[in-house]
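Working notes, beginning with the structure itself.
Values quoted throughout were computed directly from the atomic coordinates according to the rules given, and no laboratory measurement underlies them. Note that the coordinates shown come from a computational prediction; the quantities given were computed from them, not determined experimentally. Note that each Cβ is placed from the backbone with ideal geometry, even for glycine, and that neighbours are counted across all protein chains shown.
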Amino acid sequence: MFYSKIKAVGAYVPEYTVTNDDLSKIVDTNDEWISSRSGIRRRHFSKGENTSDLAAKAAEVILKKAGVKAEDVELIVVASVSPDYATPSVSCLVQSKIGAVNAVAFDIGAACSGFVFGLSTADKFIKSGVYKNALVIGSEVLSKYLDFEDRGTCVLFGDGAGGAFLERSEEGGILSEDMGSDGARGLSLTSGFRNVVNPYCEGERFIHSYIEMDGREIFDFATRTVPKSVEALIEKAGISVEDIDIVVPHQANARIVQIVARKLKIPMEKFYLNMEEYGNTSSASIPIALNEMDNKGLIKKGDTVLITGFGAGLTWGSMLIKF
Ligand code: COA
């Protein structure tokens, strides 16, 4: 039986920052509203780099930290809802940009749960003996999907990429997971819709490329579903809440995290929050946070870390990882 272990985490975030006050100059909002409702004060926006550029730069950081050459990477999984193209995939673009000539590369779409779903997918390939290692990345340039006339969404999201290098190990690593989806509620958070118009099916072209969201519905979903997912995970793993050293939630909203913490009776001190600096970077938010903690020495060898993502689909995923 094989396990997969995280050998290194890394991230790359565009340098350019936009504060809440900056946004209030182009849309009817203010710092007090945004920060009190979401905990977000700034976000980083790309000034031209696309999703694969961010992902490739994150990949280079991860491989450097892991001490692994690009040609030795066997699998690349990129989670993204803001790819450069419909095809080629972000992962194939990353493969080319970093020179991972021997890797198999594909993308998965699970929105803000994407990094957890990506780790889970790579874990199965490693556990089954198909591949010995994998690069799993969440990368987003959400700014290209934001309607800067919609104050209900444009203030919440940001751009960035992060990920992890997994390798085969005698011991886990990835200990346990709980994932789920509820497609019936999927239309409460959408982006990138286009209807079918072609010479055989005429009609009005109808494109909804921007992120559109029922904020209340998503808030309600997250605060109900995440605690249940974490409870299911803890039960499957046969551990207690006290055994968890650190919780890295998807960085969508500080109020959501506070409610989740209260319901799970986990002290807020165990949660790592950085949405103040980055906003919601969807699939990239958890690995950006892991990388920041790693750089600050906040994750020690042997720590049991709970990561939990939730978002469009609707999807959710929680995972216990021994570092
Ligand atoms: N600045 C100022 N006012 C704003 C605003 C902004 N950026 N966005 C909305 N408002 C206004 C609304 O127009 C509304 O005004 P009205 O009462 O005059 O109609 C008022 O604020 C309340 O809006 P509402 O949408 O009810 O606010 P809310 O308390 O539900 O908070 C969210 C909105 C989006 C912050 C909240 O619902 C949320 O965080 N949801 C989860 C979103 C999320 O995390 N999505 C990603 C998941 S991966």
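Miscellaneous remarks
- Stokes-Einstein D in µm²/s, Kirkwood radius over Cα pairs - segment 3-170 at 4 °C with 1.567 mPa s viscosity: 78 µm²/s
- With both residues required to sit in the chain, DSSP beta bridges show an antiparallel share near 75%.
- Note on the chain: dipole from Cβ charges, positive end direction compared against 312, 211, 179; the farthest Cα belongs to 179.
- Ratio of the Cα radius of gyration of segment 175-322 to 2.2 N^0.38 Å, where N counts its residues: 1.22
- Sites residue 184 and residue 37 - FRET efficiency at Förster radius 22 Å, r taken between beta-carbons, to 0.05: 0.25
- Extension gain from residue 2 to residue 242, taking 0.36 nm per residue of separation minus the Cα-Cα distance: 83.7 nm
- Helix content alone sets the calculated 222 nm mean residue ellipticity of the chain: runs of n ≥ 4 DSSP H residues at -39500 (n - 2.57) each, divided across all residues, give -9500 deg cm²/dmol.
- In this simple spin-label approximation, residue 301 and residue 148 carry label points 7 Å from Cα along the Cα→Cβ vector, and these lie 4.8 nm apart.
- Residues residue 220 and residue 197, FRET efficiency given R0 of 35 Å [Cβ-Cβ distance, rounded to 0.05]: 0.50
- Local charge for residue 196 was computed over the other residues whose Cβ lies under 15 Å away, with Lys and Arg +1 and Asp and Glu -1, and equals 0.
- Peptides 80-87, 107-114, 30-37, 208-215 ordered by average Cβ neighbours within 10 Å, highest first: 107-114, 80-87, 208-215, 30-37
- Debye log10 I(q)/I(0) for the chain, one point scatterer per Cα, at q = 0.16 Å⁻¹: -1.37
- Cβ crowding within 10 Å averaged over residues, with 282-291, 306-315, 43-52 ranked highest first: 282-291, 306-315, 43-52
- Positive-end residue of 200, 40, 79, charge dipole of the chain with Cβ unit charges: 79
- Net charge, residue 221 excluded, C-beta distance under 10 Å - Lys, Arg +1, Asp, Glu -1: -1
- Sequence of 176, 4 once ranked by neighbouring C-beta atoms within 10 Å, starting from the fewest: 176, 4
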